């Protein structure tokens with residue numbers, strides 16, 4: 001498994017997707033910090049972190065991490081390499097798990113980049129209220145957001161494996177983002193897994209339902225996606 | 001001779017379409033087995049089933065004497081393969097691409113990658129990104145990748161597809177040398193009859209998913225060579241006379257009274273006269289002009305292959 005994971009890392013060498021994803025992750029911190037600096041310079045650092053995390057998890061994160069997910073899984077179909085990997089042989093579950101491990105590290109790295117940029121840009125633009133506890137709390141909130149988005153990547157992987165194309169996955173993630181935006185003010189948003197992930201990360205879950213409902217929605221979605229993708233990938237013919 | 005691949009009633013059905021229909025083939029150790037068929041005949045589907053990429057609807061596959069589906073991992077470790085056009089990570093060099101396979105398989109020999117690249121003549125191109133390789137170079141790199149772990153069996157699906165005539169010749173030479181020098185059993189598919197004829201020891205002809213014939217190339221050549229066919233009253237005496245009078249040993253008695261002579265093709269008149277002078281009744285003389293293409297055409301019932 002270690003070797004399988006290391007080969008996944010090697011496959012990213014000279015990959016432009018790596019740089020593109022970093023640029024994507026930098027969008028929210030740049031836009032939020034610069035816009036806040038220009039329009040509301042009196043805002044506190046805490047709100048800066050909150051806004052960046054909110055935009056990262058609910059708006060940018062789903063399509064950005066969705067593209068990363070699709071790139072990781074779909075390239076084996078696009079570049080015609082899957083049949084080689086599976087006949088080496090590599091177990092189909094081992095293949096999925098090694099890719100998911102890389103996806104987790106990639107998502108957490110992008111999350112960390114977004115957090116670091118917020119911290120650095122916020123310090124450069126001299127927002128008030130920065131403290132060690134805020135740094136730790138915000139890092140924890142960003143990490144929770146990233147982890148939830150990773151957990152919720154299983155339905156996106158399933159769509160990629162079934163459709164073997166970037167377009168359906170992008171449409172799927174755009175639909176999720178749209179629901180996140182439209183349901184932003186809804187009291188029922190805690191039942192929508194991706195919106196619930198944002199609320200849990202930022203401690204803003206509405207009181208309409210017990211928090212367990214949100215955790216159940218996230219777990220059920222992730223688990224259903226995981227089981228479906230394993231069953232599908234194990235049974236499907238590789239053409 | 002040990003059997004390396006044995007399929008029994010192997011079938012793959014998609015909806016109403018039988019892509020592979022009750023296919024039973026046998027590939028023996030050390031031979032080059034040509035898998036010949038027109039495009040869409042079911043060659044690639046069969047090869048994908050042999051490599052565990054596609055599950056058969058029914059039927060059995062035994063490789064190295066073991067059931068493929070019960071021991072897939074162990075069996076595949078002993079096989080190198082190219083399925084259609086080999087795919088590579090185009091952002092990586094040839095060496096890096098092979099390193100991926102080497103790491104996963106666990107090839108510990110230090111210079112295994114260099115050695116594999118040298119066999120296919122890519123040792124000087126190993127730092128070039130694969131995205132900049134020509135199709136011919138990619139095919140050769142595919143062979144290098146297939147050889148990396150010293151397989152006992154190579155399964156090559158149309159490895160000369162898309163190559164120019166020089167590339168085809170090089171690939172042919174490479175495949176022949178692998179079989180001869182490394183004693184690797186090779187299954188190679190193609191839709192080009194001449195390709196299989198020049199490479200294989202044995203071949204299976206597939207058409208519309210069904211195996212039409214499995215035959216040794218030598219036997220096929222003999223069967224399809226030009227010959228004079230005599231129907232005579234006494235074949236024993238006739239063959240004795242052929243040997244004594246004409247020094248003809250390249251003949252065959254394939255049925256009672258039926259003698260096929262594979263040499264002296266223009267001398268049917270002289271041979272006939274000699275038979276008659278020795279009290280042999282000659283009932284029929286026929287000159288056969290069968291060629292491999294005619295044979296194939298007759299077999300699959302079509303005009304051209306592919």
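Derivation of every value follows stated rules applied to the coordinates shown; laboratory data play no part. Computed from a predicted structure; not experimentally measured. As a convention, Cβ positions derive from the backbone with ideal geometry for all residues, glycine included, and neighbour counts pool all protein chains shown.
Shielding by partners for peptide A:232-239, expressed as the average number of C-beta atoms from other protein chains within 10 Å of each residue's C-beta, is 3. Partner shielding of B:73-80 amounts to 2, given as the average count of beta-carbon atoms from other chains within 10 Å of each residue beta-carbon. For the listed peptides A:126-137, A:194-205, a ranking on the average number of other beta carbons within 10 Å per residue, highest first, reads A:194-205, A:126-137.
Under a GNM of chain A (C-alpha, springs under 10 Å), which listed residue has the highest mean-square fluctuation: A:49, A:142, A:30? Comparing A:49, A:142, A:30 in a Gaussian network model of chain A, the most mobile one is A:30. Report note on the peptides A:99-111, A:8-20: ranked by the mean count of other C-beta atoms within 10 Å, highest first, their order is A:99-111, A:8-20. Taking other C-beta atoms within 10 angstrom as a stand-in for reagent exposure, B:233, B:190 fall in the order B:233, B:190, fewest first. Fewest neighbouring Cβ atoms within 10 Å first, the residues B:293, B:96 line up as B:293, B:96. Antiparallel beta bridges, as assigned by DSSP with both residues in the protein assembly as shown, represent about 65 percent of the total such bridges.
Seen against the Cα atoms of chain A and their longest principal axis, helix A:154-163 is set at about 40 degrees.
How tilted is helix B:268-277 with respect to the longest principal axis of chain B? Cα atoms for both, answer in degrees (0 to 90, nearest 10). The angle comes out at about 40 degrees.
For chain B, with a Gaussian network of springs between Cα atoms less than 10 Å apart, report the residue from B:175, B:63, B:271 with the top mean-square fluctuation. Residue with maximal mean-square fluctuation among B:175, B:63, B:271: B:271. Each residue in B:164, B:279, B:157 was given a count of other beta-carbon atoms within 10 angstrom of its own, and listing them fewest first yields B:279, B:164, B:157. In terms of its alpha-carbon gyration tensor, the protein assembly as shown comes out prolate; a/c meets the 1.5 threshold, and the first ratio a/b outweighs b/c. Dividing the mean sequence gap of close Cα pairs (under 8 Å, 6+ apart) by how many residues chain A holds gives a relative contact order of 27 percent.
If you take every DSSP beta bridge fully contained in segment B:1-219, what fraction is antiparallel? Give it as a percent rounded to 5. The antiparallel proportion sits near 55 percent. Shape class of chain B from the alpha-carbon gyration tensor: prolate, with a/c at 1.5 or above and a/b greater than b/c. Mean sequence separation of contacting Cα pairs (under 8 Å, at least six apart), scaled by the length of chain B, corresponds to a relative contact order of 21 percent. Peptide A:75-87 is shielded by partner chain Cβ atoms: per residue, an average of 6 of them sit within 10 Å of its Cβ. Relative to the dominant Cα principal axis of chain A, helix A:45-55 is inclined by about 30°.
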